[in-house]
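Q: I have a structure I would like to understand better, so I am pasting it below and will then ask my questions one at a time.
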Amino acid sequence: MPWMLMPGQTWSGAAASFVGMWVVMMVAMMLPSLVPMLWRYRQAVGRPGAMRLGWLTALVGMAYFFVFPLGVALAAAQMENPELTHTVPIAVGVVILMAGSLQLTAWKAHHLGCCRETPGRGRTLPADAGTAWRHGLRLGLHCTSCSAGLMAILLVVGVMNLRAMAVVAAAITVERLAPGGERVARATGAIVVGAGLFLIVRAAGLG
């Protein structure tokens, strides 16, 4: 089980290991959808020179991941408080149900639209560090908000569950890159809502 301590391991040590794993996992999961965003940024800033363009693109990526310590802090808090991690089955179902419902909201659609937005459409961005940092930060905030529900599922199912990781990463990538991303998000939400209801009914002994 992902929340069990190894023999002789403290909760602080487990939290540090978990946070490191969470950071690596987040980077790996977000890269497939981040790379096209960085490519669109490169097209939007024109041609300031290959070296400068590469540095500005890297700065956008750094700013994008700058907001992810919010998720890391949540993960660490869960590890430091074992009572939060030993979730009863019905609570897992409730979290999954809420995550699926979030996929169906206008709030989700707004943040997804901002993630999918092409900055170069009809205009160019200034090729300076301040603009690059703000652009990456804005993308990171929107995309973190956009994937909050799916990440919550991963937290309650278990971040060491590679199958769950692959499914969540695929869902995030497809809804951001595929044509009709909003329809993909809603379809994912409907499936997740059904899974949440099933888990709640089963945990309550009604099924």
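Q: Kindly indicate whether any position in segment 41-55 is among the hydroxyl-bearing types (Ser, Thr, Tyr), at pLDDT 75 or above and not in a helix (DSSP H, G or I).
A: The answer is no; no qualifying residue exists.
Q: List pairs: first residue in segment 137-156 and touching a residue at least 12 places away in the same chain (Cβ under 8 Å), second residue buried (at least 20 other Cβ atoms within 10 Å of the Cβ) and of a type in the set (Ser, Thr, Tyr) anywhere in the structure, Cβ distance under 7 angstrom, at least six positions apart or on different chains.
A: That search, which allows pairs on different chains as well, returns Leu139/Tyr64; Gly140/Tyr64.
Q: Just one of Glu182, Glu175 is farther than 15 Å from Ile96 by Cα, acidic (Asp, Glu), surrounded by fewer than 17 Cβ atoms within 10 Å (Cβ to Cβ) and at pLDDT below 95; which is it?
A: On inspection, the qualifying residue turns out to be Glu182.
Q: Condition first: open to solvent by 40 Å² or more (accessible area, probe 1.4 Å) and part of a loop (DSSP other than H, G, I, E, B). Now tell me which residues in segment 150-171 satisfy that.
A: Met160, Asn161
Q: List pairs: first in segment 58-73 and more than 19 Å from Cys115 (Cβ to Cβ) and modelled with pLDDT under 80, second open to solvent by less than 60 Å² (accessible area, probe 1.4 Å) and of a type in the set (Val, Ile, Thr), Cβ under 8 Å, 6+ apart or cross-chain?
A: Val72/Val19
Q: Right, here's the next one. Test each condition in (1) more than 15 Å from the chain's Cα centre (by Cα); (2) open to solvent by 70 Å² or more (accessible area, probe 1.4 Å) for Arg138 and report the one that comes out false.
A: (1)
The values are calculated or read from the model by the stated rules, or taken from the named source; none is laboratory data. Because the structure is predicted, anything quoted here is derived from the model rather than measured. No Cβ is skipped: glycine too gets one built from the backbone with ideal geometry, and neighbour counts run over all protein chains shown. These accessible areas exclude ligands, DNA and RNA; they are computed on the full protein's heavy atoms, side chains included. Shrake-Rupley method; radii C 1.70, N 1.55, O 1.52, S 1.80 Å.
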